[in-house]
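Quick notes on the structure that follows.
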Amino acid sequence: MNRPVLEVAEIFRASAHRFIERSRARIAWPQHKVMRAIERCRTAALGRHRDRCSKCGKDLGFCFNSCRNRHCPKCQILARNRWVAARTRELVPVNYFHIVFTVPHQLSQLMLQNKRILYDLLFRCASATLLEVAANPKRFGAEIGFLCVLHTWGQTLIHHPHLHCVVPAGGFAPGGGAWVRPKRAGFFLPKEVLSVVFRGKFYNGLKVLFRQKKLSFEGSLSWLAEPHSFARFLHMLHCHRWVVDVRKPFGGPEHVLHYLARYTHRVAISNHRLISLQDGKVTFRWKDYAHGSKKRKMTLDATEFIRRFLLHVLPKGLVR
């Protein structure tokens with residue numbers, strides 16, 4: 001792949017100081033840490049090492065060290081390749097479905113203030129939904145396995161939490177004695193049923209977290225700390241349509257690996273989508289899925305670009 005014309009690190013080096021001056025009170029330490037790591041990645045600040053071919057012993061010269069931060073666009077390739085290689089041993093020779101669980105945008109601010117606990121709830125509710133609906137004899141009647149990957153961004157870097165699930169087209173019958181396949185090719189589980197069950201589980205999960213006083217309500221969300229207000233908020237969410245998208249099945253294990261290689265260790269934006277940094281403004285490419293995946297360009301003030309990028313910094317220890 002060709003070298004990108006611009007990198008996130010260059011935007012941080014040019015404009016992070018201006019962003020910090022404007023937003024000092026709202027920046028958490030993990031976000032500071034990510035910015036500093038990306039700025040220093042593969043520079044003299046992190047030192048260097050000598051590369052040598054393990055087979056022929058040829059000296060390949062010195063290279064600057066990587067930051068290895070999981071939010072850095074340059075440091076995910078090796079980790080991604082190791083992860084995909086490990087998952088290869090777990091694949092079975094069947095087709096795979098791609099299912100996406102998305103929460104309503106009204107939950108965005110609450111999830112930003114409670115990332116660890118609500119991202120965990122998203123994983124638990126999506127997993128429980130797949131297991132419950134698949135086990136229902138009227139739907140599939142089997143115990144299934146699957147792989148879930150959390151994404152928190154949309155193409156324009158807005159906060160858009162959703163879960164990508166890769167599910168084999170089959171499962172074990174009760175007792176584990178026989179392999180059950182879908183009754184119709186190209187169909188796995190009804191998305192309308194998945195949507196209703198997912199909404200109910202997330203709704204109940206939020207009620208439990210509120211009763212246990214585990215949710216944080218700060219700034220513009222302070223009104224939700226009052227029980228009646230939170231109940232109205234939950235009612236609004238329950239009336240909202242929750243989206244679960246069941247997409248066409250992959251062709252087989254090799255297609256699954258190709259998909260995983262693209263998605264598992266992705267960060268909010270890759271360096272190759274960046275076009276320019278001029279007069280304090282960043283221009284980047286994005287794909288407009290609402291209009292036939294048309295490719296477009298967007299220009300943001302560099303401080304707004306950094307703010308959006310940092311929305312997707314995950315809490316320490318949270319596995320994506």
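Values for this structure:
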{"quantity": "Options (1) 50; (2) 37; (3) 43 - which one matches percent of Cα pairs over 28 Å apart as calculated here", "calculated": "(1)"}
{"quantity": "About the Cα centre, charge dipole magnitude for the stretch 94-266 (Lys/Arg +1, Asp/Glu -1 at Cβ), debye", "calculated": "220 debye"}
{"quantity": "Per-residue [θ]222 nm for the chain (sum of -39500 (n - 2.57) over DSSP H runs n ≥ 4, rounded to 500)", "calculated": "-12000 deg cm²/dmol"}
{"quantity": "Only Lys, Arg (+1) and Asp, Glu (-1) charged, at Cβ; the stretch 205-320 dipole about Cα centre in debye", "calculated": "280 debye"}
{"quantity": "Global geometry of the stretch 1-45, whether rounded, prolate or oblate, following the gyration tensor of its Cα atoms and the 1.5 cut on a/c", "calculated": "prolate"}
{"quantity": "Highest-first arrangement of 3-9, 226-232, where packing means the average Cβ count within 10 Å", "calculated": "3-9, 226-232"}
{"quantity": "Interchain or long-range residues, amide H under 5 Å from Asn95's placed H", "calculated": "Ala169"}
{"quantity": "Selected from Val246, Gln113, Gly57, residue furthest toward positive end of dipole (the chain; charges at beta carbon)", "calculated": "Gly57"}
{"quantity": "Accessible area expressed per residue, the stretch 94-266, with surrounding protein chains retained (probe 1.4 Å, Å²)", "calculated": "48 Å²"}
{"quantity": "Carbon plus sulfur fraction of accessible area for the stretch 99-141, probe 1.4 Å, in percent", "calculated": "53 percent"}
{"quantity": "Cα gyration tensor shape for the stretch 52-211, rounded if a/c is under 1.5, else prolate or oblate", "calculated": "oblate"}
{"quantity": "Those lysines that a straight Cα-Cα span of less than 17 Å connects to Lys248, excepting residues fewer than 8 apart in one chain", "calculated": "Lys183, Lys191"}
{"quantity": "Unit charges at the beta carbon, dipole of the chain: most positive-side option, Phe188, Pro174, Ala28", "calculated": "Ala28"}
{"quantity": "Cα-centred dipole magnitude for the chain, charges only on beta-carbon of K, R (+1) and D, E (-1), debye, nearest 20", "calculated": "500 debye"}
{"quantity": "Relative contact order (%) - the stretch 94-266, alpha-carbon pairs under 8 angstrom, separation at least six", "calculated": "35 percent"}
{"quantity": "Eligible aspartates and glutamates near Lys297 by straight Cα distance, threshold 14 Å, same-chain separation 8 or greater", "calculated": "Asp288"}
{"quantity": "Selected from Tyr203, Leu157, Val100, residue furthest toward positive end of dipole (the chain; charges at beta carbon)", "calculated": "Leu157"}
{"quantity": "GluC sites (Glu not before Pro) lying in DSSP loop within the stretch 17-111, provided at most 16 other Cβ fall within 10 Å", "calculated": "Glu90"}
{"quantity": "Using θ = phi - 60° and Karplus 6.51 cos²θ - 1.76 cosθ + 1.60, couplings along the stretch 86-96 (whole Hz; Gly, Pro as x)", "calculated": "5, 6, 4, 6, 9, 6, 10, x, 9, 6, 10"}
{"quantity": "Three-way shape call for the stretch 10-137 based on the alpha-carbon gyration tensor, with the a/c threshold at 1.5", "calculated": "oblate"}
{"quantity": "The stretch 201-227 versus the stretch 288-313: alpha-carbon centroid distance in Å", "calculated": "29 Å"}
{"quantity": "Relative contact order [Cα under 8 Å, 6+ residues apart], the chain, whole percent", "calculated": "25 percent"}
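The values are calculated or read from the model by the stated rules, or taken from the named source; none is laboratory data. Bear in mind that the values here come from a model prediction, so they are computed numbers and not experimental data. Cβ sites come from the backbone with ideal geometry, for glycine too, and all protein chains shown count toward neighbours. When the accessible area is computed, the model is the full protein with side chains, heavy atoms only, and any ligands, DNA or RNA have been set aside. Shrake-Rupley method; radii C 1.70, N 1.55, O 1.52, S 1.80 Å.
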